[in-house]
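Every number in this text was worked out from the coordinates using simple rules, so none of it is lab data. No experiment lies behind these values; they were computed from the predicted model shown. We place every Cβ from the backbone using ideal geometry, glycine too, and count neighbours over all the protein chains shown.
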Amino acid sequence: MGLFDKLRNELIDIIEWVDDSRHTLVWRFPRYQNEIKNGAQLIVRPGQVAVFVHRGQLADVFEPGHYTLKTDNLPILSTIMGWKYGFDSPFRSEVYFVSTRQVTDLKWGTPNPIMLRDPDFGPIRLRAFGTYGLKCIEPKALLEELVGTDSEFDTEEVTELMRSVIISAFSDMLGEQQVAALDLASRYREMSEKLREIVCERIDDEYGLEVPQLFIVNVSLPEAVEKALDTRTSMGVIGDMNQFQQYQMGQAMLSAAENPAGGGASEGMGLGMGFAMANQMMRSAGTAGQPGQAAAPGGMGGAAPPPPPLPAAWHVAVNGQTQGPFSPDQLAQGIAAGQVSATTSVWCAGMQNWTPAAQVPQLAPMFQTQATPPPPPPAS
């Protein structure tokens, strides 16, 4: 190889960037020690901009197209290098290709919760995340502020900066608009556009970047608050709480009956639920009688002698365990519901020992067998 052939190979005659990456924002043409010859071809593809830099000074910018490098299309570089009447010799200059297409699959989120004062819940913490797109609109500003002398600059190097800007803007927007947490989901679209405008105002002039699209995907409450909301929603779905409690007590009594080996704890729980269930039933039955008239045994109307007064507190023995204390009304309801039988041991203040309920004078009338009425007369 001759000397002229060697020199010819060191000269660059085609400058281009075949971009196969979706996240590269800036790429420097690898010139190394080679020089760009007079009349070299510059190819700038759609979605790219080529910027010439000579000794740290930004020179000419080329939009997409095919160029033959001459003095007339390198006016700034010609001035810097002192080409008054054109140039015939090779020259050295760095060429940066800047991607101007949009990068669309970037994500943002709040690493720490945002503290807010909510009109419904008071002070709460919110987390949010979403997606955004990024695009370069001012290559010179991007080169000066972020790229510097890097040979390659991609979105990962600016992602942390963009997240900080978006989260800061999101916090400011929530504080200004004071939207209730329960109303945020209905305003995602409106708030996404407002957030995008705020972010663009903070980055376009300073870094030469733009956010063509930004979306709020979700704003979530703390786990404890979400559980409380689920409970509140469940209560609203249930509707009548009294009917639901009766249903729950009935289910518990059935479960206790199906598990006779459950022990004293389960039987005691069944006894307590039986008292509550009997209380609900007697209240319902009491509404059918006349005001001021006590209901007779069996639900039939008619005056009955009042039973002797019962002590204020009763204890019931269930499988060797003491349950209570129960009020006289609760004990009477337990007897009426069959939870307390004639052989169930009871005790109250003033009694020396545990005694079967049927042998206690105050309780004995409650266990008397009611007379069975004769069959009704035949229909006439």
So what J values fall out for segment 156-169 if you push phi through Karplus, 6.51 cos²θ - 1.76 cosθ + 1.60 with θ = phi - 60°, rounded to Hz, Gly and Pro as x?
4, 6, 10, 4, 4, 4, 5, 4, 4, 5, 5, 5, 4, 5
Computed from the beta carbon distance with a Förster radius of 56 Å, FRET efficiency for L182 and S327 to the nearest 0.05 stands at 0.85
If you stretched the chain out fully between N112 and D19, how much longer would it get, using 0.36 nm times the residue separation minus the C-alpha to C-alpha distance?
29.8 nm
Given a Förster distance of 25 Å, report the FRET efficiency between S234 and S171 from their Cβ-Cβ distance, rounded to the nearest 0.05.
0.15
Under 17 Å from a label point 7 Å along Cα→Cβ of L161: give me every residue in segment 195-218 with its amide N that close.
199-212
How many times 2.2 N^0.38 Å is the alpha carbon radius of gyration of segment 312-364?
0.98
